[in-house]
Amino acid sequence: MTVAAQQQTHPDVDEVLLSSTQLAERVAKVAREIAADYADRQPLVVGTLKGAVVFMSDLVREMDPVPEGLQMEFVRASSYGAGTASSGKVVLGATTLSEADVAGRHVLVVEDIVDTGRTAARLVEHFASCGAASVKLVSLLSKPARREVAFEPDYLCFEVPDRFVVGYGLDFDERYRSLPYIGVLRPECYGGH
Ligand code: IMP
């Protein structure tokens, strides 16, 4: 199936919040802002698995000028399990990085969504404690209404309302990640609000 065919809204999606065109335009804009800011630094771009993978792959390809020495790495951060409510505890798991790789580097964490803010805050704190020269965070989405710890991303593509969203890398129970848009999941699909 082509992307165009897949883009017919999935039956479990109530409403498309952000179309693939809107995503592409905004991601390109933020990518250029980042590229300009990192023109004289070699960014260590660290994506969170698995939600940020789709966003990160588009983001790095839109960076212009191409940041010299850009490196891509990944870390697993989980707080959700198979539900839609955060467990409150953030666990950093498998990573392609060692502490030594981070020391002295300019780390740019790539997140899919800042919800309560716990994961983002934990990631920034973690890389700072590994001796990074700087740590910034870019997020595709933010739900300010849900914040439990004060955290604002350094770069943000979109603010979204307090609704459970899927697509463009975001999942519910490992489903819907490949949808090319951000859609609101029908509450009956997760037994939610
Ligand atoms: P936080 O620690 O509460 O900010 O949660 C961040 C993580 O929760 C994200 O990286 C997502 O994996 C997940 N998450 C939060 N809201 C949503 C959503 O609406 N859809 C899918 N995943 C979400």
Practice item. Output the residues belonging to the stretch 18-30 that are closer than 8 Å to TYR181 by Cα and surrounded by 15 or more Cβ atoms within 10 Å (Cβ to Cβ). Key: LEU18, SER20, LEU23
Point to revise | Cβ-Cβ under 8 Å pairs, at least 6 apart or on other chains, the stretch 102-123 side in contact (Cβ under 8 Å) with a residue 40 or more places away in the chain and part of a helix (DSSP H, G or I), far side more than 11 Å from the ligand (Cβ to nearest atom) and charged (D, E, K, R) | key: none
Check your understanding: Among the residues of the stretch 50-85 satisfying the criterion of being in a strand (DSSP E or B), of a type in the set (A, V, I, L, M) and modelled with pLDDT of 95 or more, which is surrounded by the fewest Cβ atoms within 10 Å (Cβ to Cβ)?
Key -> MET72
Practice item. Run VAL184 past the list (1) near the ligand (Cβ under 9 Å from one of its atoms); (2) within 16 Å of the chain's Cα centre (by Cα); (3) not in a loop (DSSP other than H, G, I, E, B); (4) not aromatic (Phe, Trp, Tyr) and report the number of the one that doesn't hold. Key: (2)
Exercise for review: Go through the residues of the stretch 106-126 one by one and say whether even a single one is touching a Cys at 6+ places or on another chain (Cβ under 9 Å), within 11 Å of the ligand (Cβ to nearest atom) and at pLDDT 95 or above.
Suggested key: no
Exercise for review: Just give me the residues in the stretch 110-148 being in contact with a Phe, Trp or Tyr (Cβ under 7 Å, 6 or more places away or on another chain), buried (at least 22 other Cβ atoms within 10 Å of the Cβ) and within 30 Å of GLY183 (Cβ to Cβ), in sequence order.
Suggested key: VAL110, ASP112, VAL114, ALA120, VAL138, LEU140, LEU141
Practice item. May I ask you to verify whether GLY88 is at positive phi and at pLDDT below 95? Key: yes
**Study point:** Of all residues in the stretch 140-176 being within 14 Å of GLU111 (Cα to Cα) and assigned to a loop (DSSP other than H, G, I, E, B), the one that is farthest from the ligand (Cβ to nearest atom)
**Key:** ASP154
Point to revise | Criterion violated by TYR190 - all others in (1) surrounded by fewer than 23 Cβ atoms within 10 Å (Cβ to Cβ); (2) away from the ligand (no atom under 11 Å from the Cβ) satisfied | key: (2)
Review point. Are any of the residues in the stretch 72-79 over 22 Å from ASP14 (Cα atoms), without any contact (Cβ under 8 Å) to a residue 24 or more places away in the chain and within 14 Å of the ligand (Cβ to nearest atom)?
Key: yes
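The values are calculated or read from the model by the stated rules, or taken from the named source; none is laboratory data. Since this is a predicted model, take the numbers as computed values, not measurements. Methodologically, a virtual Cβ is constructed for each residue, glycine included, from the backbone with ideal geometry; neighbour enumeration extends over all protein chains shown.
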